[in-house]
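The structure appears right after this line, and notes come after that.
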Amino acid sequence: MTPGVATDVMATDVITLITEDHRKVEALFERLKKEEGDIPSAVAELHALLTAHARAEEDRVYPGIDAHHELEEHKQAEVLLDELVRAVPGTPEFRLKLEKLVESVSHHVEEEEGELLPKLAQQVGEKRLRELGTAFQERRDEELRALRTVHASSEASKAELYEEAQKADIPGRSQMDKEELQQAVRESRP
């Protein structure tokens with residue numbers, strides 16, 4: 001095996017991709033704990049990455065393996081993540097929600113990297129790990145695009161949403177309020 005080939009294999013290996021996402025999440029946690037930079041954007045990025053990561057694992061990696069416990073942890077993290085999104089940055093409530101989410105996700109990462117992923121590596125060969133990596137990455141990227149589109153449309157003005165609704169030829173758009181326009185635009189997207 002040549003060095004270039006080994007690098008390509010590692011880049012698409014599901015275990016590598018999952019652990020890289022874990023490191024990105026940990027870096028976002030550190031930014032949020034230190035209250036560095038644009039906190040609402042960091043929260044939105046965290047929300048998108050954690051949600052897309054979990055859905056990709058659930059849809060592409062977990063089927064066929066015993067991952068019931070991990071699914072439960074994903075549900076718990078999703079609830080905590082939603083609470084963090086609704087909390088006001090800089091408040092004690094925000095810091096408490098962040099602390100609980102960090103604790104939950106850190107526990108999940110520790111178990112996943114210490115138990116589930118090593119078992120997966122033992123059960124399947126390198127070829128299957130690459131196949132799972134490709135499937136995981138495609139599903140995660142699909143979710144990230146969708147989640148970022150939703151986030152962007154939620155920040156769009158009513159006029160911008162109306163313009164997009166007009167381009168999509170959405171009937172009744174002139175009578176819609178901002179929330180209705182957001183929903184109609186979201187549903188019109190492929």
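The values are calculated or read from the model by the stated rules, or taken from the named source; none is laboratory data. Bear in mind that the values here come from a model prediction, so they are computed numbers and not experimental data. Here Cβ is always computed from backbone atoms with ideal geometry, including for glycine, and neighbour counts include all displayed protein chains.
Conditions tested, residue by residue: (1) more than 16 Å from the chain's Cα centre (by Cα); (2) within 17 Å of Arg139 (Cβ to Cβ).
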site: Leu32; (1), (2): yes, no
site: Leu46; (1), (2): no, no
site: Asp59; (1), (2): no, yes
site: Ile65; (1), (2): yes, yes
site: Ala77; (1), (2): no, no
site: Glu83; (1), (2): no, no
Check: Filter the stretch 152-188 for residues that are within 20 Å of Ala44 (Cβ to Cβ) and loosely packed, with under 13 Cβ neighbours inside 10 Å; which is modelled with the lowest pLDDT?
Finding: Ala152
Notebook entry, point to check: Pick from the stretch 128-150 the residues that are within 18 Å of Gly64 (Cβ to Cβ) and of a type in the set (Asp, Glu): which of them is surrounded by the fewest Cβ atoms within 10 Å (Cβ to Cβ)?
Noted result: Glu138
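The rows are residues; the columns are (1) modelled with pLDDT of 95 or more; (2) farther than 30 Å from Val124 by Cβ; (3) not assigned by TED's automatic domain parsing to the domain that holds His108.
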| residue | (1), (2), (3) |
| --- | --- |
| Glu26 | yes, no, no |
| Ala42 | no, yes, no |
| Pro63 | no, no, no |
| His68 | no, no, no |
Checklist line | Unique residue being of a type in the set (Val, Ile, Thr), assigned by TED's automatic domain parsing to the domain that holds Ala146 and assigned to a helix (DSSP H, G or I) when the list is Val88, Val79 | finding: Val79
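Based on this model, can you work out whether Ala135 counts as at pLDDT 80 or above and part of a helix (DSSP H, G or I)? Quick ask: steps written out before the conclusion?
Details: at pLDDT 80 or above: yes; part of a helix (DSSP H, G or I): yes.
Against the criterion (at pLDDT 80 or above and part of a helix (DSSP H, G or I)), Ala135 qualifies.
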Margin query: I need a count of the residues in the stretch 29-40 that are in a helix (DSSP H, G or I) and either at pLDDT 95 or above or among the basic types (Lys, Arg) (or both).
Written below: 5
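Considering Gly114, Gly125, Gly90, which residue is at positive phi and either within 17 Å of the chain's Cα centre (by Cα) or loosely packed, with under 15 Cβ neighbours inside 10 Å (or both)? Reasoning before the result, please.
Numbers: Gly114 fails: at positive phi; Gly125 fails: at positive phi.
Exactly one residue qualifies, and that residue is Gly90.
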